[in-house]
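Reviewing the structure listed below.
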């Protein structure tokens, strides 16, 4: 075939794709009406996981799985809006990695609400000013986000889903690389890009600011200035991407939590997050963890935080593989409760097995 014939075939397929997406959305509208009548949740994490897994199994290429996931994320985002416009609160400002992670999870069609603090995100969900929230909880190089863990102690929100988001730092400016005299960024980003900066921008002034979004804002207004931030910041502040992926560690990943007021059903590939407090006695923590060993349940995280009620008392946070409705998990939690002063299940949710 010649070029025009090939393009004609592409146009024909595009028309079929548009027709099929609209056919899908007609069924989505019917599903939305069914949910509305029964007061069911619009966003269903366990259904999302099943759909994505099924689509990835159906994909025979040449389309990469990453592309398939991105396309269907936007199709699902449009589905959510057809059922009811969702409001997603996130730790702001705009263009932060939390904002990018939330958009990677919910797509571009929903409404996003930037909040100044993690506490504000929790309060928005509690007061129903937002349907869901997105907050960071753990970074592969920096460790846990203590403020997020602390908020669970007095909040009734639940963990509905998790996101694993690769932190990809970009150098952006409105000038050529050779003309850069100053670089703005958050202190953590400077630390994560130290080797690249020393090799590529030796002697260039580094100015720490409160967020990478603020760095992009300053770079956009100042000749000869650059910023280290995510791609979204370059789009919002109209900066040119000078270099992508300048972080020293290619495995730098942050785990984010999606917060809400619902409890996802069992998928067969789930996580459960728990908080508990133990008494002041020898072997208390050891005894608390024994039920998980007896039931052959793996733990993927354990952290301690001061109780803030009495000196030298701690709460422990654990993530375990399994759903709280699984028989062995139920049994382990029941035994844990017998050994502890306090136990709280923070949520059971589909396990995320890929990094966006």
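We did not get these values from a lab; they are worked out from the coordinates using the rules stated. Since we're looking at a predicted model, the values are computed, not measured. Neighbour counts run over all protein chains shown; Cβ positions are idealised from the backbone, glycine included.
For the Cα trace of region 170-243, dividing Rg by the Kirkwood Rh returns an Rg/Rh value of 0.91.
Building the convex hull from the alpha-carbon atoms of the chain and averaging its projection over directions returns 22.9 nm².
What residues of region 264-301 lie in the reach of a label at residue 353, counting those whose backbone N is under 17 Å from a point 7 Å from the Cα along Cα→Cβ? Flagged as within label range: 266-272, 298-300.
Residues 10, 297, arranged from fewest to most other Cβ atoms within 10 angstrom of their Cβ, appear as 10, 297.
What does DSSP give for the chain in terms of the percent of beta bridges that are antiparallel, rounded to the nearest 5?
Of all bridge pairs located within the chain, approximately 75 percent are antiparallel.
Ordered from longest to shortest, the equivalent ellipsoid semi-axes for region 227-282 are 39, 19, 13 Å, each the square root of 5 times a Cα gyration tensor eigenvalue.
Between region 238-310 and region 92-162, how far is it from one alpha carbon centroid to the other, in angstrom? When both Cα centres are located, 15 Å separates them. Legend: ranking of residues 170, 352 from fewest to most surrounding C-beta atoms inside 10 Å; resulting order 352, 170.
Computed extension gain for residue 249 through residue 235, at 0.36 nm per residue and net of the alpha carbon distance, reaches 2.6 nm. Taking every DSSP beta bridge that has both residues in region 170-243, what percent is antiparallel when rounded to the nearest 5? The antiparallel fraction comes to roughly 50 percent. Considering helices alone, the calculated mean residue ellipticity of the chain at 222 nm is -13000 deg cm²/dmol, with DSSP H runs of length four and up weighted by -39500 (n - 2.57) and normalised per residue. Cβ crowding within 10 Å ranks 276, 122 as 276, 122, fewest other Cβ atoms first. Between residue 338 and residue 18, the C-beta separation translates, for a Förster distance of 56 Å, into a calculated FRET efficiency of about 0.45.
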